[in-house]
Amino acid sequence: MGCIYMPKKRESRGRRKGAKGKVGVIQCDNCGRLVPADKAICVTRMYSPVDPQLARELEKKGAIIMRYPVTKCYCVSCAVHLGIVKVRPEEERKKKPLPI
């Protein structure tokens, strides 16, 4: 026989779900893997369709260059690979409050 219950690595099980039940899946923008929406790491960055050098020159002349927020969601492995999320040392990973 196996273990009756699995040990729990982290209290949230790596998710931000709370007590919602099931959560939909989204695709990773890097590799295409299906990831639960609450587990994915989403990053919002400002995007400008104009070349940065050209934008600087136009702004000097007084033109207003619009920037648009672009949100990209990544699976955990792609976020680590791209450097969005860092791998923490073992001492920092398992911080538990001391029993009083």
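If I take R0 = 22 Å and measure r between the Cβ atoms of residue 93 and residue 13 in this structure, what FRET efficiency does the formula 1/(1 + (r/R0)^6) give, to the nearest 0.05? Please list the in-between numbers first.
Values: r = 15 Å, r/R0 = 0.67.
The formula returns an efficiency of 0.90 here.
If eta is 1.567 mPa s and T is 4 °C, what Stokes-Einstein diffusion coefficient results for the chain, Kirkwood Rh from Cα pairs, in µm²/s?
On the way: Rh = 17.6 Å.
D, rounded to a whole number, is 74 µm²/s.
Need one number: nm distance between label points at residue 46 and residue 77, each 7 Å from Cα along Cα→Cβ, rounded to one decimal.
In this crude spin-label approximation the distance works out to 3.5 nm.
Could you list which residues have their amide H under 5 Å from that of residue 33, counting only those 5 or more apart in sequence or on another chain, with H placed in the peptide plane?
When sequence neighbours closer than 5 places are left aside, the close amide H contacts are 28.
Taking the simple approach of a point 7 Å from Cα along Cα-to-Cβ for both residue 4 and residue 30, what is their distance in nm?
For the pair residue 4/residue 30, the computed spacing is 4.1 nm.
The numbers here are math on the coordinates, done by the rules we state, and not lab data. The structure displayed is predicted, hence computed values, not measured ones. Glycine also receives a Cβ, built like all others from the backbone with ideal geometry; neighbour counts cover every protein chain displayed.
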